[in-house]
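**Q** Take this structure, written in structure tokens, and hold onto it; I'll ask about it next.
The numbers here are math on the coordinates, done by the rules we state, and not lab data. Here the structure is a predicted model, which means the values were calculated and not measured. Here Cβ is always computed from backbone atoms with ideal geometry, including for glycine, and neighbour counts include all displayed protein chains.
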Amino acid sequence: MVDSLKVCEIIMRFIEVDNTITDVEDIASTLQSFLAKEFSPLDQTWQTQSFEELCKPSVRYLLSSDELLAASENTIFHALMHWIQQQGTESVLESEGMSSILSVVRFELIPIDYLYNIVQYHSIARKLPAFNHLYLRGISYHALSNNMKRKLLCQPVEREPSTELLLVHTWVIPRNKLDNLVGTDNELISDRFWFSGYEMVLIIANVVKAQYSRGFQELYKAKLLLLILNLTEQSEVEIQWQAESVSFTQKPRVQFQTFEKEKPLTLVNLEFKMEKPQALSSNIYGSNIDGPLTFEAKALPLTQPPQPVTQFNFSFGGKAAASTSGTAPIPSTTISRETLNPCLSIDVKMKLP
């Protein structure tokens with residue numbers, strides 16, 4: 001039984017590097033299944049330290065697994081290129097068995113657009129043994145008619161399909177940065193992220209604060225744009241995507257968008273609510289207090305003269321401040337710094353059709 005990635009790596013080195021265990025078909029199958037579950041969906045794990053530090057046999061077993069979940073074969077190719085880059089391209093090229101490493105990518109299942117516009121010119125892939133053969137095999141497969149594809153003796157095996165929208169990126173925008181956009185033509189750009197081999201950014205612009213507010217909340221409107229950065233002149237890709245947030249007053253609809261070089265972005269209209277700056281802000285904003293702010297509400301005895309119904313005990317970063325006494329305490333509440341310094345958190349989910 002394999003119950004951890006560490007154990008999996010130790011066994012893998014025994015059977016594939018040191019060759020101290022023979023007749024390993026059943027063990028290899030167990031290791032492959034474990035790796036596939038550990039790193040599925042690959043779209044969310046290929047940038048993790050755990051993936052980057054896998055030994056070469058583990059990468060080969062993982063990326064050749066039929067059970068591995070990924071948005072498309074593009075992700076398999078891109079993840080392998082990323083792993084090689086992290087290991088050091090030259091050191092990987094000097095090792096043996098590189099043709100088998102590259103052959104874990106099922107070139108026939110890579111969309112023709114990605115093959116032609118991205119894979120063909122990839123600086124790392126072009127250095128690997130057997131690249132020309134594997135690339136030509138993928139291009140030739142797409143050139144066949146559907147009838148001829150069905151007659152092939154060796155059919156490419158489809159991987160486990162990813163049927164749901166995958167969480168690709170979470171963008172957390174601090175309140176002060178949003179406020180700087182209100183009523184201006186300025187825009188804010190997210191960090192770069194990847195989906196199925198395409199490099200992307202999010203852009204928020206045209207932020208407007210509504211004239212009215214409700215309770216402790218303010219209403220905002222804005223435009224959210226999705227931009228693909230690595231499209232080439234002939235490139236075209238269709239992506240299904242949706243933005244989600246607990247702050248949205250209405251959920252934007254799922255977008256089916258075809259991206260190309262002349263039209264590399266799309267947008268959705270957002271309407272979201274934010275907490276108003278609290279009265280505590282004058283004492284807390286900008287301070288160097290570490291940790292959460294905790295307050296405790298205590299009901300006062302009914303026999304005392306009329307005064308506010310509750311009093312509060314505060315502690316900053318775990319250090320108690322001045323307090324007042326009372327009876328029948330109400331359970332204390334902890335306010336995170338994120339609540340005191342509110343932000344807009346947007347999850348972006350995607351799927352290839």
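**Q** Is the shape of the stretch 28-111 rounded, prolate or oblate, going by the alpha carbon gyration tensor and its root eigenvalues a ≥ b ≥ c, with a/c under 1.5 for rounded and a/b larger than b/c for prolate?
**A** rounded
**Q** Of GLU275, GLU16, GLU90, how do they rank once you tally other Cβ atoms within 10 Å and put the fewest first?
**A** GLU90, GLU275, GLU16
**Q** To the nearest 0.05, how large is the calculated FRET efficiency for LEU219 and ILE189 if R₀ is 35 Å and r is the Cβ-Cβ distance?
**A** 0.90
**Q** Moving on to the next point. Net charge near ALA243: determine it from the other residues with C-beta under 13 Å of the C-beta of ALA243, scoring Lys and Arg +1 and Asp and Glu -1.
**A** +1
**Q** Here's another thing I want to ask about it. Among GLN240, LEU229, ALA210, whose Cα projects farthest towards the positive end of the dipole of the stretch 159-265, with charges put on the beta-carbon of Lys, Arg (+1) and Asp, Glu (-1)?
**A** It is ALA210.
**Q** Classify the stretch 111-171: rounded, prolate or oblate, from the alpha-carbon gyration tensor (a ≥ b ≥ c, eigenvalue square roots; a/c under 1.5 rounded; otherwise prolate if a/b is larger than b/c)?
**A** Since a/c reaches 1.5 but b/c is at least a/b, the shape of the stretch 111-171 is classed as oblate.
**Q** Among 241-247, 121-127, how do they line up by average Cβ neighbours within 10 Å per residue, starting with the highest? Let's see the in-between values first.
**A** On the way: 241-247: 17.0, 121-127: 13.6.
Those peptides, ordered most packed to least, come out 241-247, 121-127.
**Q** What list of ³J(HN,Hα) couplings, whole Hz, do you get for the stretch 45-58 from phi and the Karplus terms 6.51, -1.76, 1.60, once you set θ to phi - 60° and write x for glycine and proline?
**A** For the stretch 45-58, the Karplus-derived couplings read 10, 5, 9, 7, 5, 4, 6, 4, 9, 4, 6, 4, x, 5 Hz, x marking Gly and Pro.
**Q** Return the distance in nm (one decimal) between the two label points of a simple spin-label model at ARG150 and ILE27, each offset 7 Å from Cα along Cα→Cβ.
**A** It works out to 4.5 nm between the two label points.
**Q** Could I ask something else about it? When ranked by the protection proxy of mean other Cβ atoms within 10 Å per residue, highest first, what sequence do the peptides 173-179, 195-201 form?
**A** With the highest mean Cβ count within 10 Å placed first, the list reads 195-201, 173-179.
**Q** Would you please classify the overall shape of the stretch 5-151 from the alpha carbon gyration tensor, given that a ≥ b ≥ c denote the square roots of the eigenvalues, rounded means a/c under 1.5, and beyond that prolate means a/b larger than b/c while oblate covers the rest?
**A** Working: a/c = 1.73, a/b = 1.52, b/c = 1.14.
Prolate shape, in that a/c is at least 1.5 and a/b is the bigger ratio.
**Q** Let me ask you something else. Between GLN211 and SER100, what is the FRET efficiency for a Förster distance of 56 Å, r being their Cβ-Cβ separation, to the nearest 0.05?
**A** 0.30
**Q** Further, regarding this structure: What is the extension gain from GLU275 to LYS6, computed as 0.36 nm multiplied by their sequence separation minus the C-alpha to C-alpha distance, in nm to one decimal?
**A** Computed gain between GLU275 and LYS6 is 92.4 nm.
**Q** Which entries in LYS177/LYS261; LYS6/LYS127; LYS223/LYS263; LYS209/LYS349 show an alpha-carbon gap greater than 19 Å?
**A** Cα-Cα > 19 Å for LYS177/LYS261; LYS6/LYS127; LYS209/LYS349; rest within.
**Q** Also, quick follow-up: Given a Förster distance of 25 Å, report the FRET efficiency between GLU67 and HIS122 from their Cβ-Cβ distance, rounded to the nearest 0.05.
**A** 0.45
**Q** A further question follows. Taking θ as phi - 60°, what are the ³J(HN,Hα) couplings along the stretch 69-84 by the Karplus curve (6.51, -1.76, 1.60), each to the nearest whole Hz, with x for Gly and Pro?
**A** 8, 7, 4, 6, 5, 3, 5, 4, 4, 5, 5, 5, 4, 5, 4, 4
**Q** From the backbone phi of the stretch 189-198, what are the Karplus-calculated ³J(HN,Hα) couplings (6.51 cos²θ - 1.76 cosθ + 1.60, θ = phi - 60°) in whole Hz, Gly and Pro given as x?
**A** With the stated coefficients, the stretch 189-198 comes to 10, 6, 5, 6, 9, 10, 9, 6, x, 10 Hz.
**Q** Using a simple charge model, +1 on the beta-carbon of Lys and Arg, -1 on the beta-carbon of Asp and Glu, nothing else, what dipole does the stretch 5-151 show about its Cα centre, in debye to the nearest 20?
**A** Details: 12 positive and 18 negative charges, 131 e Å.
Approximately 640 debye in magnitude.
**Q** Which GluC sites (Glu not before Pro) in the stretch 154-198 pass both tests, a DSSP loop state and at most 16 other beta-carbon atoms within 10 Å?
**A** Passing sites in the stretch 154-198 are GLU158, GLU164.
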